[in-house]
Amino acid sequence: MLKLPTLLLLFFSCSICYCQTDTTFITADSPILKVKENEPFVLKFLACHSCGYNWSLNKVDSSCVKLINVTNKHTSGRNDIVGGNEFEFWEFKVVAVGSYILEFVYKRPWLKENEKVFRVELIVN
């Protein structure tokens with residue numbers, strides 16, 4: 001009697017996780033991430049756009065590391081809130097095996113000094 005519900009729960013759990021893009025929340029400098037060639041992955045950063053701060057990506061070898069998309073979402077998950085903290089989602093795909101460094105800068109565009117600089121090392125196999 002419990003076998004069918006258990007089996008259905010197992011299939012449902014697997015279907016939710018299948019083919020979802022991995023998201024890594026970047027909270028410190030120099031994390032090492034192992035990613036697979038030609039498989040998209042997402043880096044998540046905390047930002048305060050209403051304060052004028054944004055993340056930007058310094059120069060990267062765009063022939064090997066492809067930026068697919070950048071989106072943002074309020075940290076509360078709601079769409080009807082203006083201001084406050086947001087998550088920025090940077091989606092990439094690496095098309096060649098190797099090691100790459102992504103350098104992200106967090107700052108107000110009108111200021112010369114950086115608030116934060118995070119480097120992410122990618123190991124691609």
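The values are calculated or read from the model by the stated rules, or taken from the named source; none is laboratory data. Computed from a predicted structure; not experimentally measured. Neighbour counts run over all protein chains shown; Cβ positions are idealised from the backbone, glycine included. Please note that ligands, DNA and RNA were not included when accessible areas were found on the heavy atoms of the full protein model with its side chains. Shrake-Rupley method; radii C 1.70, N 1.55, O 1.52, S 1.80 Å.
A few remarks follow.
- Filtered residue count, the range 2-19, keeping only those that are modelled with pLDDT of 50 or more and part of a loop (DSSP other than H, G, I, E, B): 1
- Scanning the range 48-79 for residues that are open to solvent by 30 Å² or more (accessible area, probe 1.4 Å), more than 17 Å from Glu103 (Cβ to Cβ) and touching a Leu at 6+ places or on another chain (Cβ under 9 Å) yields a count of 1.
- Condition met for Ala28 (modelled with pLDDT under 90 and among the aliphatic types (A, V, I, L, M)): yes
- From Phe92, Phe45, residue being surrounded by 11 or more Cβ atoms within 10 Å (Cβ to Cβ), touching a residue at least 60 places away in the same chain (Cβ under 8 Å) and within 15 Å of the chain's Cα centre (by Cα): Phe45
- Gly84 falls short on exactly one of the conditions (1) touching a helix residue (DSSP H, G or I) at 6+ places or on another chain (Cβ under 7 Å); (2) surrounded by fewer than 11 Cβ atoms within 10 Å (Cβ to Cβ); (3) of a type outside the set (S, T, N, Q), and that condition is (2).
- Restricting attention to the range 48-66, the residues that are free of Cβ contacts under 8 Å to residues at least 60 places away in the same chain and in a loop (DSSP other than H, G, I, E, B) add up to 9.
- Failed item, numbered, when Phe92 is tested on (1) within 30 Å of Lys112 (Cβ to Cβ); (2) at pLDDT below 95: (2)
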